[in-house]
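The values are calculated or read from the model by the stated rules, or taken from the named source; none is laboratory data. These numbers come from a predicted model, not from an experiment. Ideal geometry is used to build each Cβ from the backbone, glycine not excepted, and the neighbour counts take in all protein chains shown. Each accessible area value is taken on the protein alone, full model and side chains, heavy atoms only, with ligands, DNA and RNA left out. Shrake-Rupley method; radii C 1.70, N 1.55, O 1.52, S 1.80 Å.
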Amino acid sequence: MSLAYLVAFVSVTICASTPTAENLVNTEVIEYLQRYGYLKEANVSTHTSIEDDKIKEAIALFQEYYQIPGNGILNDNTLDQMRKPRCGLPDMPHQEHNTNTVKWKKTHLTWNFHLADANTLKLATYAFSIWAANTSLTFERKTLNPDILISYRGGIHTYIDNRREETICSGLFDGPGGVLAHAFPPMNDPMQSTEIHVDVAEPWFIQLNESVSENKLHLLYTLTHEIGHSLGLSHNHRADSLMFPYVTDKSATLSIEDILAIQRLYGKNQNEVPSTRSPSVTTDTRKTSTQNLCDLPYVDNVLVLKHHIFVTYRKSIWVIAINGKRYKGPLALNDYLRFLPANVSINAVYQRPSEEIVMFANNKIYMVDYPSFQLKNGWPKTHSDLNFPAEMRVNAALVTNRGQTYVIFDGDSVALMNECDMTIREYHSLKAIFPGIPSSPTAAYRYIDGSLHFLQKRQYYKFNEFTQTVTNADTFDMKILNVNCPTDGLLRQLQDLLNRLLQSNNLLEYTTEDALDD
Ligand SMILES: [Zn+2]
Ligand SMILES: [Zn+2]
């Protein structure tokens, strides 16, 4: 380098105006307010002073959204909030986008996480299940042209969908911190996927359990949030909402407002379990008695005994050999268990360590001898006989490997039972005892391998009580009970016919657990 050139270079460096720290903050704040929809005026540039009325108005709006005092004056709390890791979508959508509700025109949606490993796929399945549990939506992974396509992206990036060639994404990522992810609203376009982009530069924690390692970000939380956007939801200013724009230490569960918002778009879960307070009395027994085990949308209860697994759905029961190879059913519940009134379904069932079977049905508690399946003297008892809370519905019950009996109520509470006198010893939150299991599981049982299984209608969660973690989450399938359901319709009909022939002799003879051995 010649001396003359060096001198020229130095002088240029000195002459260039260096931005002051104040200017940088000014630019940062104005860019933030514009990006997240607080500042809509087009004639504002990053050189506008933050003392300008329009900017003050926008800062005041931001402070109101996040409940930070300041009256439009930029203070440390405001700046700190702006600098926290967050979703890249605006908080205040532009008015013109608000007039039309964007939603999917179908309720069965397919998804994929581009080239993800097994752990990430498990986590994504779980994230979708959180939304599915409360709506009519169903999700299925599909690698070819799915409706929703998730991918890791970094910096300025393209869409991952091959059909969009190499179009640059309208959002950009800024390395660690700042923007964590962004998603697009439902496209309803068979020619392109609705994409979710996750910033690859973030230190993601990719496990289902809630105890995040230090300095890591929970991918489950962010992904569940972004899926909310891809289903048509926008941000919510309440910190307990999954649609809150910033990462919180909250678990990935929907708030009441989230549930209402998603149900406004897609309606409730069609397979809602009927409440025991209003047992659905129907004279149409034809429908339940012809139901094939392999065609059930979900099951009400699973009871794993020594040789057999019992499955109930509404007013029917199936008896499955413990290895899953053979099964009988459907049998009418009150034919099989004659002490039960007609038209009653079972809410929860478990086997005590002393082997009796306890059933919660019809707002009563039944104590049943095993293996005779005869009702014990003095039973059933009412909830108040045993000091059970009258206002809470029992959804599920199970005995852990440690021999503790938990009764799980609708909502977030569980009760540890005292098996000596069948009373409640103490209450806990579901989260404290079974972290990672979503609210209101509809069935729970300990499987033959010692893992605890929780069902929330169609969703299935496998829980390891020793590591206190959810080890698998998926859509419930009879395969989980080792029952091999033929996928072919004709084969299924044949199997159905075979089952019918097997049990056509006399339904009532199967009154003991040996139903399959005779
Ligand atoms: Zn968001
Ligand atoms: Zn993007």
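Points worth noting:
- Scanning the stretch 330-344 for residues that are assigned to a loop (DSSP other than H, G, I, E, B) and either surrounded by 22 or more Cβ atoms within 10 Å (Cβ to Cβ) or more than 30 Å from the chain's Cα centre (by Cα) (or both) turns up 337, 338, 339, 340, 341, 342, 343.
- Selection count where residues are in a loop (DSSP other than H, G, I, E, B), in contact with a helix residue (DSSP H, G or I) (Cβ under 7 Å, 6 or more places away or on another chain) and modelled with pLDDT of 85 or more, scope the stretch 300-325: 4
- If you go through the stretch 180-194 and keep only what is within 16 Å of ligand 1 (Cβ to nearest atom) and either farther than 25 Å from residue 82 by Cα or surrounded by fewer than 20 Cβ atoms within 10 Å (Cβ to Cβ) (or both), you end up with 185, 186, 194.
- Enumeration of residues in the stretch 156-171 that are in contact (Cβ under 8 Å) with a residue 24 or more places away in the chain and not aromatic (Phe, Trp, Tyr): 157, 160, 161, 163, 164, 169, 171
- Selected residue (only one of 38, 65 is outside the structural domain of residue 242 (by TED's automatic domain parsing), over 17 Å from the mean Cα position of the chain (by Cα) and closer than 30 Å to residue 411 by Cβ): 65
- Residue pairs whose Cβ atoms lie under 9 Å apart, separated by 6 or more positions or on different chains, with the first residue in the stretch 418-436 and polar (S, T, N, Q) and the second not in a strand (DSSP E or B), are 423/386; 423/387; 423/388; 429/412.
- The residue list 357, 320 contains one member that is open to solvent by less than 30 Å² (accessible area, probe 1.4 Å) and in contact with a His (Cβ under 9 Å, 6 or more places away or on another chain), which is 320.
- Identity of the residue in the stretch 136-160, part of a loop (DSSP other than H, G, I, E, B), of a type outside the set (A, V, I, L, M, F, W, C) and surrounded by 20 or more Cβ atoms within 10 Å (Cβ to Cβ), that ends up nearest to ligand 2 (Cβ to nearest atom): 159
- Restricting attention to the stretch 161-179, the residues being open to solvent by less than 70 Å² (accessible area, probe 1.4 Å) and more than 9 Å from ligand 2 (Cβ to nearest atom) number 7.
- Look at the stretch 222-246: where a residue is farther than 14 Å from residue 103 by Cβ and hydrophobic (A, V, I, L, M, F, W, C) and a partner is near ligand 1 (Cβ under 9 Å from one of its atoms) and in a loop (DSSP other than H, G, I, E, B), sitting 6+ places away or on another chain with Cβ atoms under 8 Å, you get 243/233; 243/234; 243/235; 244/235.
- Residue 87 falls short on exactly one of the conditions (1) in contact with a Leu (Cβ under 7 Å, 6 or more places away or on another chain); (2) surrounded by fewer than 17 Cβ atoms within 10 Å (Cβ to Cβ), and that condition is (2).
- Candidate set: the stretch 220-246, residues that are out of contact with any Pro (no Cβ under 8 Å at 6 or more places or on another chain) and of a type in the set (Phe, Trp, Tyr); chosen: the one nearest to ligand 2 (Cβ to nearest atom): 221
- Some residue of the stretch 118-135 being β-branched (Val, Ile, Thr), in contact (Cβ under 8 Å) with a residue 12 or more places away in the chain and open to solvent by 40 Å² or more (accessible area, probe 1.4 Å): no
- Only one of 372, 439 that is in contact with a Leu (Cβ under 9 Å, 6 or more places away or on another chain), assigned to a loop (DSSP other than H, G, I, E, B) and either under 19 Å from residue 353 (Cβ atoms) or open to solvent by 10 Å² or more (accessible area, probe 1.4 Å) (or both): 439
- Any hit, the stretch 320-342, residues being in contact (Cβ under 8 Å) with a residue 24 or more places away in the chain and touching a Pro at 6+ places or on another chain (Cβ under 6 Å): no
Yes/no per residue for (1) open to solvent by 30 Å² or more (accessible area, probe 1.4 Å); (2) closer than 23 Å to residue 252 by Cβ; (3) part of a strand (DSSP E or B):
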residue	(1), (2), (3)
392	yes, no, no
407	no, no, yes
421	yes, no, no
426	yes, no, yes
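- Whichever residue in the stretch 64-80 is surrounded by fewer than 17 Cβ atoms within 10 Å (Cβ to Cβ) and of a type in the set (S, T, N, Q) and, among such residues, is farthest from ligand 2 (Cβ to nearest atom): 71
- In the stretch 202-242, residue farthest from residue 431 (Cα to Cα) [restricted to those that are part of a loop (DSSP other than H, G, I, E, B), within 11 Å of ligand 1 (Cβ to nearest atom) and within 17 Å of the chain's Cα centre (by Cα)]: 233
- Residue that is modelled with the lowest pLDDT [pool: residues in the stretch 197-240 that are in contact with a Gly (Cβ under 8 Å, 6 or more places away or on another chain) and open to solvent by 20 Å² or more (accessible area, probe 1.4 Å)]: 210
- Selected residue (only one of 366, 327, 313 is open to solvent by 10 Å² or more (accessible area, probe 1.4 Å) and more than 29 Å from the chain's Cα centre (by Cα)): 327
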